[in-house]
Amino acid sequence: MFVSNLSAENWVGNQDEGNLIENPTWSQIKQAIRELDGKSKTLVTFGADDECYMSIGGGELGKYIVNITFDNVSFHNLVVPSKPDAIEKLVVGGQEGNYSAKMCVNLETALLAAQTFTVSGQLQISLSWEEEKELAVSSNKI
């Protein structure tokens with residue numbers, strides 16, 4: 001299996017009392033994703049190392065945000081291109097944020113993407129992904 005760690009949040013008040021599991025099974029990953037509720041459990045992250053991982057957040061009302069990075073610079077967001085240009089509010093990482101509706105996928109889609117990444121460390125090619133890159137910030141001192 002490609003994945004070597006799983007981090008699952010569990011917010012109690014304003015404290016994250018989540019846990020880290022080394023060498024998780026697919027069953028443990030699937031359970032952590034299914035437990036996302038957009039309230040106390042809003043984000044799971046699993047991967048090979050600090051550079052290559054998948055994050056799945058949200059969960060409230062069956063809406064999930066899924067992204068993968070292989071280098072911690074370029075991120076691939078799972079999307080449903082047919083959805084309208086609208087904004088959805090989701091709690092991810094313990095904070096409410098605005099997300100494009102096309103980035104909000106259902107549980108079945110999130111699990112399919114997660115299973116492919118867990119086993120092979122790759123994007124599920126039957127799904128649609130959009131790549132975004134972090135902007136490089138430079139400062140010029142005078």
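The values are calculated or read from the model by the stated rules, or taken from the named source; none is laboratory data. From a predicted model like this one, the values you see are computed outputs, not experimental measurements. Cβ coordinates were reconstructed from backbone atoms using ideal geometry, including for glycine residues, and neighbour counts include every protein chain displayed. When the accessible area is computed, the model is the full protein with side chains, heavy atoms only, and any ligands, DNA or RNA have been set aside. Shrake-Rupley method; radii C 1.70, N 1.55, O 1.52, S 1.80 Å.
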Among Leu61, Ala48, Leu6, whose Cα sits farthest toward the positive end of the charge dipole of region 3-82 (+1 at Cβ of Lys/Arg, -1 at Cβ of Asp/Glu, about the Cα centre)?
Leu61
Sorted by chain and then number, the residues having a modelled amide H within less than 5 Å of the amide H of Val92, at least 5 places away or on another chain, are Gly97
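For the chain, what does the equivalent ellipsoid look like in terms of its semi-axes, each the square root of 5 times an eigenvalue of the Cα gyration tensor, given largest first in whole Å? The partial results should precede the final answer.
Numbers: eigenvalues 92, 73, 67 Å².
Listed largest to smallest, the semi-axes of the chain are 21, 19, 18 Å.
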With label points built 7 Å along Cα→Cβ from the Cα atoms of Asn106 and Glu22, find their separation and express it in nm.
3.9 nm
Distance in nm between label sites at Phe2 and Asp50, each 7 Å beyond Cα in the beta-carbon direction?
2.2 nm
Taking K and R as +1 and D and E as -1, what net charge do the other residues with C-beta under 11 Å from the C-beta of Trp11 add up to?
-2
Is there a pair in Lys63/Lys102; Lys30/Lys102; Lys63/Lys89 whose C-alpha atoms are over 18 Å apart, and which pairs would that be?
Lys30/Lys102
How large is log10 of I(q)/I(0) for region 49-90 at q = 0.25 Å⁻¹ when the intensity is taken from the Debye formula with one equal scatterer per alpha-carbon?
-0.93
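By per-residue mean of other Cβ atoms within 10 Å, what is the highest-first order of 1-12, 73-84?
Working: 1-12: 17.0, 73-84: 14.0.
Sorting 1-12, 73-84 by mean packing, highest first, produces 1-12, 73-84.
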Mean accessible surface per residue for region 1-126, computed with a 1.4 Å probe while every protein chain stays in place, in Å²
51 Å²
Accessible-area composition of the chain, carbon plus sulfur, in percent [1.4 Å probe]
48 percent
